[in-house]
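Let me begin by presenting the structure, written as structure tokens, before commenting on it.
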Amino acid sequence: MKLTLTQINEGEEEVRIRYRRMNETVEAIASIVRGTEPKIAALWEGQTIFLPPEKIYYLENVDGVTYAYLEDRVAKVPESLRALEMRFGSRGFFRCSKSMILNLYKIGYLKSEPESRIRATMENGEQVIISRKYAKELRRTLKGGVEDET
């Protein structure tokens, strides 16, 4: 996908999307531009807040309760990990263990660990372990879905 950005000094800002076929990526981009992208309802300090998915570093289920970890706070989410994975899997959310979904766009760097696991250091410094069950799928996803030829 090609991206062209042009700064203008006057006039109305405009976004043009040219596509051959409508797919999940094009739909996600269009919904962000329209301001209609889906948000995740969460509870924080007794209030319901609506989180844009791109602000979430990872989602974790602890004792049957799902939490969204943001840069500097944690909010309780009333949805299951499975439901969130299905809603946001095409937006960079990746199942990295039985109890956790990781936002791939918030990873700072990755490091291989013993027993085929991967340590992900998030942009905010937190570290998450990708279990060996999901490590192979992560490698495939990061390579753009291409299988190893070896």
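The values are calculated or read from the model by the stated rules, or taken from the named source; none is laboratory data. Everything quoted here is computed from the prediction, not taken from an experiment. Ideal geometry is used to build each Cβ from the backbone, glycine not excepted, and the neighbour counts take in all protein chains shown. Note: areas computed on protein heavy atoms with side chains; ligands, DNA, RNA excluded. Shrake-Rupley method; radii C 1.70, N 1.55, O 1.52, S 1.80 Å.
Some observations on this one:
- Residue within segment 15-30 that is over 24 Å from LYS136 (Cα atoms) and touching a strand residue (DSSP E or B) at 6+ places or on another chain (Cβ under 9 Å) present: no
- Per-region count, segment 1-42, residues assigned to a helix (DSSP H, G or I) and either open to solvent by 90 Å² or more (accessible area, probe 1.4 Å) or hydrophobic (A, V, I, L, M, F, W, C) (or both): 9
- Flag if LYS143 is of a type in the set (Lys, Arg) and over 16 Å from the mean Cα position of the chain (by Cα): yes
- Residue among LEU104, LEU59, LEU84, LEU5 that is farther than 25 Å from ARG140 by Cα and among the hydrophobic types (A, V, I, L, M, F, W, C): LEU5
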